[in-house]
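*Asks:* Handing you this structure, nothing more for now.
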Amino acid sequence: MTSTIGTTAPAPAARPIVTPPGLASQVRTHVWRNVKHIRRMPEMLADVTFQPVMFVVLFAYVFGGSINAGVNYREWLLPGIMAQTMTFSCFVVAVGLTNDLNKGVIDRFRSLPISRASVLMGRSISSLIHSSIGIVVMAGTGLVIGWRIHEGFTRAVLGFALLLLFGFAMIWFGILAGSALKTVEAVQGVMFTAVFPLTFLADTFAPAANMSPAWLRTVAEWNPISSLVRAIRELWGNAAPLAPDSALPLHHPVESTIIWSVALTLVLAPLSIRAFNRRTSD
Amino acid sequence: MTLHATPAPYRGPAIEAEHLVKRFGEMTAVDDVSFAVPQGSVLGLLGPNGAGKTTTVRMMTTLSRPTSGTARVAGHDVISDPDAVRRSMGLTGQAATVDEFLTGRENLRLMGSLYGLSRREMTRISDELLERFSIADAGDKVVKDYSGGMRRRLDLAVSLIAAPRVLFLDEPTTGLDPRSRVELWSTLRELVADGTTLLLTTQYLEEADQLADRIIVVDHGRIIAEGTPLELKDRSGAAALVITVSHAHELVAAQALLASHVREVHVDPGARQLTAPVEGLADVMRVARVFEQSEIVLDDLGLKRPSLDDVFLHLTGRRAESEESADDQAAEPAAVMEEVR
Ligand SMILES: Nc1ncnc2c1ncn2[C@@H]1O[C@H](COP(=O)(O)OP(=O)(O)OP(=O)(O)O)[C@@H](O)[C@H]1O
Ligand SMILES: [Mg+2]
């Protein structure tokens, strides 16, 4: 090609003015993208639809008969499965983030004049949407098998709000895992060997009070998921009477859930942001 | 910092690298690289695998922090004002980073809205880009169903959504078929004619030759040569005419015939090949006509241009991809590191 060096630079052509949008608009764009993904791949929702519905059926009809929860087992079970679904929001975030990191999508975003936080915030919100779809499906399934909320509107809403709050804390764990682990397979490995059992080692599917040896019961009762489940069961009128010798958090489940969620966020947020920054700088 | 409504026209170099160094642990990937690219011109960064091209581009596009040194894009420093750099440039990385689960159009919209383009502008520019990169028909198809070359073209289109004044392309034509490659070259020329400054990395001398005003050859993180394509080619030897004779017994006759039309002839009897330095295609045509009128049967007759390999051979005294370090007597520590690896 003929060189134009040395001559004056050509007059710049009309170019659209780049005025980076505000943070809210950036986040909205990321959420738009992630929701598109869900719409293109509805099978992504399997973890919050088929899987929990299968658990409902399994536990309500197969194991339920032999589990004594002290109240109607199906009503007692449903908040447990909802809490499990919400806990898995960390999985959704981690897989999405790892994929984006590995495919260079995050690098592309980092080359744009946008806030780095917007990517993570977009992921978090999409993941809460993802999990909330699961909660709606669970509620629908629950209504079919006889679960009801026996308390007023405010307490019902408070229960859902607690679920979201806990989901928010779990998202930080997802960002941590997604940033620290290199592959989707590794993320799946950690989730299935660590998080999955933790959702069972709680007052979710079988009463923690019946677990033995005693230390196992202690662990289960101190598990933040147990506080969450107990809190929404009480708020919705699905709870069984509490064993008097239960661990402290279960005596104040709503407060404990809030404290757990805030504490987890305070610990995990800086760690996960550091892991993300480290992963995206070389 | 505010967004200047009427930017003072910046007339300095569009891209400047100042003693850029990047170390990964013990390994020096980029070793004291400095250059400047005038506005509206094209710089080709040429080098073999592992030369440090991508690392250099990543530092200049704020994706990777230099170990030392700095770079400026459109006058903005990558370290002290990365956001201004990001507003001024577009990047297409070495690996396609388009979103597989969005359509081509949605990919453009994703980036466009992150740049803050209005919906109207976005639609107009998207249509234009899809057309320009010959993916208009596939604009509403999910990228998962695109071929590799279509993805690559979309990737490039996406990096042009905000019409950046400075464009970084890391091996833009890798994975494109010859036609798409030529089409892309002409698209890039149009951009440059519109005043865009282009930095592209490549492993192919021909590509740098086609597009670049200046070429920087890097190896082991260091600049080993710099100049216009012509200068570099002159330094790496002229083009050669290569003739392969069909029958060994006609080799001598062919040599005699050829010798009467060119300055000198080398003979490789084993390969039944004759090689002669020539100026260009005109010489080849001339010789072809001569042989057409003779009785000598040829397997092949063609022009062999200096390849990147030849440039390398010439500049470094070793093959571009060679692993063994052989006799680099006073090699820099960085080079030694790399060779040992
Ligand atoms: N994140 C990293 N960590 C460690 N080493 C790295 C990293 N990125 C690049 N390198 C090393 O730095 C050197 C230069 O790599 P770079 O990707 O810049 O080369 P390149 O010229 O782009 O090569 P190619 O033509 O293969 O794309 C290589 O030896 C590579 O292994
Ligand atoms: Mg590279």
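The values are calculated or read from the model by the stated rules, or taken from the named source; none is laboratory data. Nothing here was measured: the structure is a model prediction, and the numbers come from that model. Reconstructed Cβ throughout: ideal geometry from the backbone, glycine too, with neighbour counts over all protein chains shown. Just the protein is used for accessible areas: all its heavy atoms, side chains included, with ligands, DNA and RNA removed. Shrake-Rupley method; radii C 1.70, N 1.55, O 1.52, S 1.80 Å.
*Asks:* Which of A:SER118, A:SER89, A:SER25 ends up with the largest GNM mean-square fluctuation for chain A, with Cα atoms connected below 10 Å?
*Replies:* A:SER25
*Asks:* Which one of A:TRP236, B:ILE296, A:ALA24 is farthest out on the positive end of the charge dipole of the protein assembly as shown, using unit charges on Cβ (Lys, Arg +1; Asp, Glu -1) and the Cα centre as origin?
*Replies:* Of the candidates, A:TRP236 comes out farthest on the positive side.
*Asks:* Let me ask something additional. Under 8 Å for C-alpha pairs, at least 6 residues apart: give me the relative contact order for chain A, rounded to a whole percent.
*Replies:* Relative contact order, chain A: 25 percent.
*Asks:* Continuing with this model, one more query. At R0 = 45 Å, how high is the FRET efficiency between A:ALA214 and A:MET41 if r is their beta carbon distance? Nearest 0.05 is fine.
*Replies:* On the way: r = 45 Å, r/R0 = 1.00.
The computed FRET efficiency comes out at 0.50.
*Asks:* Quantify how strongly other chains surround peptide B:106-115 by giving the mean number of their Cβ atoms within 10 Å of each of its Cβ atoms.
*Replies:* For peptide B:106-115, the averaged partner shielding equals 5.
*Asks:* Rank B:ALA74, B:ALA253, B:ALA212 by mean-square fluctuation in a GNM of chain B with C-alpha springs under 10 angstrom and give only the top-ranked residue.
*Replies:* With Cα springs under 10 Å in chain B, the top fluctuation among B:ALA74, B:ALA253, B:ALA212 is at B:ALA253.
*Asks:* Here's something else I'd like to know. Set Lys and Arg Cβ to +1 and Asp and Glu Cβ to -1, take the dipole of chain A about its Cα centre, and tell me which of A:SER226, A:ASN72, A:ILE258 lies farthest positive.
*Replies:* The one lying farthest along the dipole's positive direction is A:ILE258.
*Asks:* Arranged from highest to lowest average of other beta-carbon atoms within 10 Å per residue, in what order do the peptides B:225-232, A:79-86, B:154-161 appear? Mind showing how you got there, number by number?
*Replies:* Working: B:225-232: 16.6, A:79-86: 27.6, B:154-161: 24.2.
Most protected by this proxy first, the peptides run A:79-86, B:154-161, B:225-232.
*Asks:* For peptide B:35-48, what's the mean number of Cβ atoms from other chains within 10 Å of each residue's Cβ?
*Replies:* That works out to 2 on average.
*Asks:* May I pose another question? Keeping all protein chains in the complex and leaving out DNA, RNA and ligands, what accessible area do you get for A:HIS252 with a 1.4 Å probe, in Å² to the nearest 10?
*Replies:* Per-residue accessible area (A:HIS252): approximately 100 Å².
*Asks:* Top to bottom by accessible area (1.4 Å), largest first, where do A:ARG110, B:ARG124 land?
*Replies:* Details: A:ARG110 20, B:ARG124 130 Å².
Of A:ARG110, B:ARG124, the descending order of accessible area is B:ARG124, A:ARG110.
*Asks:* Further question on the same structure: Suppose we keep just the DSSP beta bridges with both residues in the protein assembly as shown; what percent of those would be antiparallel, to 5? Don't skip to the answer; put the middle values down first.
*Replies:* Numbers: 35 of 53 bridges.
Once the DSSP bridges in the protein assembly as shown are tallied, antiparallel ones form about 65 percent.
*Asks:* Then there is this: Shielding of B:83-96 by partners, i.e. mean partner chain Cβ atoms within 10 Å per residue?
*Replies:* Details: counts 5, 1, 2, 7, 6, 2, 2, 2, 5, 2, 4, 1, 3, 3.
Rounded to a whole number, the mean comes out at 3.
*Asks:* Go ahead and estimate [θ] at 222 nm for chain A from helices alone: -39,500 (n - 2.57) per DSSP H run with n ≥ 4, summed, over the residue count, rounded to 500.
*Replies:* Value at 222 nm, helices only, nearest 500: -21000 deg cm²/dmol.
*Asks:* Along the Cα-to-C-beta direction of A:LEU271, a point sits 7 Å from the Cα; which residues of the stretch A:71-95 have their amide N less than 19 Å from that point?
*Replies:* Inside the label zone: A:87-95.
*Asks:* Would you mind telling me which residue in B:GLU207, B:GLU131, B:GLU171 has the biggest mean-square fluctuation in a Gaussian network model of chain B, where springs connect alpha carbons within a distance under 10 angstrom?
*Replies:* Result: B:GLU131 has the largest fluctuation of those listed.
*Asks:* Here's another thing I want to ask about it. Quick check on chain B: of the DSSP beta bridges with both residues there, what percent are antiparallel, nearest 5%?
*Replies:* Values: 35 of 53 bridges.
Just about 65 percent of them are antiparallel.
*Asks:* Please list the equivalent ellipsoid semi-axes of chain B, computed as the square roots of five times the alpha-carbon gyration tensor eigenvalues, in descending order and whole angstrom.
*Replies:* Ellipsoid half-lengths, sorted descending, are 42, 27, 18 Å.
*Asks:* Another question, then. Tell me, how many Å apart are the Cα centres for the stretch B:27-85 and for the stretch B:140-191?
*Replies:* 21 Å
*Asks:* Hey, got the dipole for chain B? About the Cα centre, +1 on K and R Cβ, -1 on D and E Cβ, debye to the nearest 20?
*Replies:* So the magnitude is around 1200 debye.
*Asks:* With a cut-off of 20 Å, note down the residues of the stretch A:183-222 whose backbone N falls inside the zone around a label point 7 Å from the Cα of A:GLN51 toward its beta carbon.
*Replies:* The answer is A:183-206, whose backbone nitrogens lie closer than 20 Å to the label point.
*Asks:* How many nm is it between the label spots at A:ARG148 and B:ALA36, if each spot is 7 Å from the Cα in line with the beta carbon?
*Replies:* The answer from the label model is 8.2 nm.
*Asks:* For a quick check of your reading of the filter: which trypsin sites (Lys or Arg not before Pro) in the stretch A:158-255 sit in a DSSP loop and have no more than 12 other Cβ atoms within 10 Å?
*Replies:* Working: sites: A:LYS182, A:ARG217, A:ARG230, A:ARG233; in loops: A:LYS182.
In loop regions of the stretch A:158-255 (DSSP not H, G, I, E or B), the sparsely surrounded trypsin sites (Lys or Arg not before Pro) are A:LYS182.
*Asks:* Let me ask another. Using only Cα positions of the protein assembly as shown, each an equal point scatterer, no hydration layer, compute I(q)/I(0) via Debye at q = 0.06, 0.09, 0.10, 0.11 Å⁻¹ and quote the log10 values to two decimals.
*Replies:* -0.47, -0.84, -0.95, -1.06
*Asks:* Based on the Cα atoms of the stretch A:18-73, what semi-axes does the equivalent ellipsoid have, where each is the square root of 5 times one gyration tensor eigenvalue, given in whole Å with the largest first?
*Replies:* Its equivalent ellipsoid spans semi-axes of 42, 14, 5 Å.
*Asks:* Got the relative contact order for the stretch B:238-304 handy, in percent, Cα pairs under 8 Å and 6 or more residues apart?
*Replies:* Taking the mean separation of contacting Cα pairs over the length of the stretch B:238-304, I get 51 percent.
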